[in-house]
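Presented below is the structure to which this report refers.
Any read-out appearing in this document is the output of simple, stated calculations on the displayed coordinates, not a laboratory observation. What you are looking at is a predicted structure, and each value in this text was computed from that prediction instead of being measured. Every residue, glycine among them, receives a Cβ derived from its backbone with ideal geometry; neighbour counts consider all protein chains shown.
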Amino acid sequence: MQNDSVAAVGFIGLLIFLFLYIIYSVLRDLIYFFLIHYVRLINLFISKEKQQNILNELNKITYYQKLSMVGKNYFFHRVIVLMINKNFFGDGIKMSDEVKSYISACAVQLTFRIRGFYIEHIQLIRVFPKAVWSQLVQHDVKGLTTGGGVMWLSWPDIKKGFDFPDDGINLGIHEMAHAFKLTLRCDSSSSHHICTSITNWSIASKPAFIKLQEGDTSYFRKYGATNMEEFWAVNVECFFEKPEEFMNLYPENYISLCKVFNQNPLNNKFDFAL
Ligand SMILES: [Zn+2]
């Protein structure tokens, strides 16, 4: 009888543990953000020296520079959450705070004004010192985002994206744009409001896509003509890096992206609020 009671208590304990573990897995980003941003337990998770290193790197990023003090603090904390929750692996390159900060900043930039939304699709970020051969696509790639949650990135190309912040090319933003969509897993039955906004974008952007496929590379680069997925990622790069021209040339397309990301890159004064 006593053995049965012990077994029952053990079983209930196991169920509680599994339940809490599932809650933790699903809400991990939110939990860390709550503890870091609201309870101010940041020093518990990351040393002061590392915090300073990360801030030094973020201060070099154009998007971050334009934020208010409140916006910068929020951005910084979201970067920390991402660094804690993703696995970074250097393949022939040292995983420094610089590398991690720039890559994390790409993800945070996209989701900055979408409260509670994190790019959960990516679990492992592999960083290389150059473009690498991909068996999957059978050529050298600067970046790749797989359906299995792995992202490949060439560090020199990530850096170049930030060194030239207004040329419409940013590898980190490009790959995170793919990961953003993969996180949502939108299909015809999706009711998520961001999925609806993405559908609106694909309708609004069709004329620009056809124009690009016909060879007009005056605004979007040729690579965007590959298919609608690449056009999406190229659009997101241009949205953040050449917003003024984007708005003038393709206003409907631009406004639909503002709704997807709940931000307007032209509105510098109010932390890119819509
Ligand atoms: Zn791509």
Applying the selection to region 223-241, what residues are surrounded by fewer than 19 Cβ atoms within 10 Å (Cβ to Cβ) and either in contact (Cβ under 8 Å) with a residue 40 or more places away in the chain or part of a helix (DSSP H, G or I) (or both)? Y223, M228, E229, E230
For region 203-222, give me each residue that is surrounded by 15 or more Cβ atoms within 10 Å (Cβ to Cβ) and either free of Cβ contacts under 8 Å to residues at least 12 places away in the same chain or of a type in the set (S, T, N, Q) (or both). S205, K211
Given the conditions (1) in contact (Cβ under 8 Å) with a residue 60 or more places away in the chain; (2) within 26 Å of V150 (Cβ to Cβ), and given that S197 satisfies all but one, which numbered condition is not satisfied? (2)
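Can you pull out every residue in region 117-146 that is of a type in the set (K, R) and surrounded by fewer than 19 Cβ atoms within 10 Å (Cβ to Cβ)?
R126, K130
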Quick check: is even one residue across region 151-170 of a type in the set (K, R), closer than 16 Å to E237 by Cβ, away from the ligand (no atom under 14 Å from the Cβ) and in contact (Cβ under 8 Å) with a residue 24 or more places away in the chain? yes
Filtering region 169-222 for residues that are assigned to a loop (DSSP other than H, G, I, E, B) and of a type in the set (V, I, T) leaves a count of 2
Selection over region 221-274 where residues are more than 16 Å from the ligand (Cβ to nearest atom), farther than 16 Å from P207 by Cα and either out of contact with any Lys or Arg (no Cβ under 9 Å at 6 or more places or on another chain) or not aromatic (F, W, Y) (or both) yields a count of 19
